[in-house]
1. List the extent of the Cα atoms of the chain along each of their three principal axes, largest first, rounded to whole Å.
2. Suppose only helical runs count, i.e. DSSP H with n ≥ 4. What mean residue ellipticity at 222 nm does that imply for the chain under -39500 (n - 2.57) per run, divided by all residues and rounded to the nearest 500 deg cm²/dmol?
3. In debye, nearest 20, what is the charge dipole magnitude of the chain about its Cα centre with +1 on Lys and Arg Cβ and -1 on Asp and Glu Cβ, if you could check?
4. Please name which of L30, F109, I58 has its Cα lying farthest along the dipole of the chain towards the positive end, using unit charges on Cβ (Lys, Arg +1; Asp, Glu -1) and the Cα centre as origin.
5. How large is the Rg to Rh ratio of the stretch 63-106 when both quantities use alpha carbon positions and Rh follows Kirkwood?
6. Hey, what angle do you get for helix 102-113 against the long axis of the chain, alpha-carbon based, 0 to 90 degrees rounded to 10?
7. In the P(r) worked out for the stretch 1-40, what percent of Cα pairs fall beyond 13 Å?
8. Treat each spin label as a single point 7 Å out from the Cα along the C-beta direction, and report the Q118 to Q48 distance in nm.
Amino acid sequence: GVVHTDLKPANIPLVDSRTQVSKDGSIFLLRTDIKIADFGLAVYGTQQYIAEPHQHKIQTRPYRAPEVILGLGWHEACDVWSIACMMLEFFSGNVYFDVWEDHEHLMAFQNTFGRLPQDMISIRR
């Protein structure tokens with residue numbers, strides 16, 4: 001029932017960051033437990049929120065969902081999007097959406113995933 005609205009690597013610290021080196025030189029964590037931090041922008045409930053034009057956008061830019069960029073409103077799915085972006089970053093070693101402007105961000109989505117769904121584009125305010 002809580003939407004964090006700003007999930008990013010800095011807000012997901014490890015409980016224990018001790019590592020061990022294996023015989024082949026690989027480094028791995030001894031524990032993978034995490035905590036979620038910084039609930040300063042979190043909201044409660046499961047309703048969809050519509051951002052007013054004067055409101056700042058939620059989510060740190062590289063982890064911001066398309067519906068937030070397009071001003072379509074947001075809900076729990078925006079946190080899932082942020083987690084997916086972090087997973088993509090973790091497995092690839094690259095920040096995929098390291099851009100500065102909304103149009104660049106939307107172009108990066110299109111280059112990575114293909115065109116946005118038509119129903120998402122056609123209802124833009």
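We did not get these values from a lab; they are worked out from the coordinates using the rules stated. It should be emphasised that the depicted structure is a prediction, and the values quoted were computed from it without experimental measurement. When we count neighbours, we look across all protein chains shown, and the Cβ atoms used for this are built from the backbone with ideal geometry, even at glycine.
1. 56, 34, 22
2. Only helices count here, giving -8500 deg cm²/dmol.
3. 140
4. Final value for the positive-end residue is L30.
5. Radius of gyration relative to Kirkwood radius: 0.98.
6. In the chain, helix 102-113 runs at an angle near 60 degrees to the longest axis.
7. When every Cα pair of the stretch 1-40 is considered, 61 percent fall beyond 13 Å.
8. In this crude spin-label approximation the distance works out to 2.0 nm.
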